[in-house]
Amino acid sequence: MTQITIEPATPERFDDIQQAFADGGDGAECQCMWWLLTGREFEIATPAERTEMFRAEIDAGPPPGLVAYVDGVPAAWVRVGPRTRQPRLARTRNYAASPVSFDDPGVWAVSCFVVRRDHRKQGLTPALLDAAVNLAREGGARIIEAYPIDAAVKKVPSNDLYHGTLSTFEKAGFHEVARPKPNIAIVQLDVSG
């Protein structure tokens with residue numbers, strides 16, 4: 001039986017996260033810095049510079065996400081944290097339809113998943129999402145927001161599913177609050193109660 005464990009992204013797990021990024025789409029090149037940098041900053045930073053930025057973020061804490069292990073092997077990643085710490089979300093036209101102010105510190109965002117190719121279709125994304133919801137709740141979130149792709153509307157390559165799929169979020173209890181494009185939804189989960 002396969003065992004999935006999920007742990008916070010702490011400094012001692014940095015190399016594990018790098019292993020989870022390897023062969024998992026654009027994770028190794030992006031280093032999950034897309035949501036923290038302006039377009040220009042992202043473009044001029046090399047992958048090595050982004051790696052060091054990511055290391056500094058993890059070293060500074062709190063953990064900006066979670067890493068999943070399959071039988072002890074690093075296999076997947078999710079970014080989750082206060083939406084205010086992911087400033088590019090506020091500057092991205094598709095997400096401006098969020099009904100909650102981007103200045104609200106009680107809103108956390110689940111913005112990126114990376115799953116190694118050899119660990120796909122093993123239930124890692126739903127498991128990471130459940131763990132992300134728990135982390136957000138424990139961290140004081142009132143609302144958790146995400147920006148999944150509705151794969152039923154338009155088929156997209158697996159590398160473009162880094163936001164997750166709408167069906168995964170709906171199964172976790174999220175509800176749609178806006179639809180900026182036919183295949184992009186904004187979903188929220190109220191965890192204040």
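Since every read-out is calculated from the coordinates, none of them should be taken as a lab result. If you're wondering where the values come from, they're calculated on a predicted model, not measured in any experiment. Reconstructed Cβ throughout: ideal geometry from the backbone, glycine too, with neighbour counts over all protein chains shown.
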Dividing the convex hull volume of the Cα atoms of region 1-154 by its residue count, what figure in Å³ per residue is obtained?
125 Å³
In terms of Cα to Cα distance under 17 Å, which aspartates and glutamates are near enough to LYS181, apart from those fewer than 8 places away along the same chain?
GLU145, ASP150, ASP160
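Tell me the net charge near VAL114. Cut-off is 12 Å between Cβ atoms, VAL114 excluded, with +1 for each Lys or Arg and -1 for each Asp or Glu. Display every interim value, and only then the final one.
Values: positive: ARG79, ARG116, ARG117, ARG120; negative: ASP23, ASP26, GLU29.
After counting each charged neighbour, the total is +1.
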Span from the region 79-108 Cα centroid across to the region 114-136 one, whole angstrom
21 Å
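Could you please report the charge total around VAL177, scoring K, R as +1 and D, E as -1 over all other residues with beta-carbon less than 13 angstrom from its beta-carbon?
On the way: positive: ARG179; negative: GLU145, GLU170, GLU176, ASP190.
Residues near VAL177 contribute -3 overall.
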Once phi is turned into ³J(HN,Hα) by the Karplus curve 6.51 cos²θ - 1.76 cosθ + 1.60 with θ = phi - 60°, what whole-Hz value does each residue of region 157-170 show in order, with x for glycine and proline?
x, 4, 5, 8, 9, 5, 7, x, 9, 4, 4, 4, 5, 4
Among VAL187, LEU89, GLY139, whose Cα projects farthest towards the positive end of the dipole of the chain, with charges put on the beta-carbon of Lys, Arg (+1) and Asp, Glu (-1)?
VAL187
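If neighbour count is taken as other Cβ atoms inside 10 Å, put ILE17, ILE44 in order from fewest to most.
Fewest-to-most ranking of ILE17, ILE44: ILE44, ILE17.
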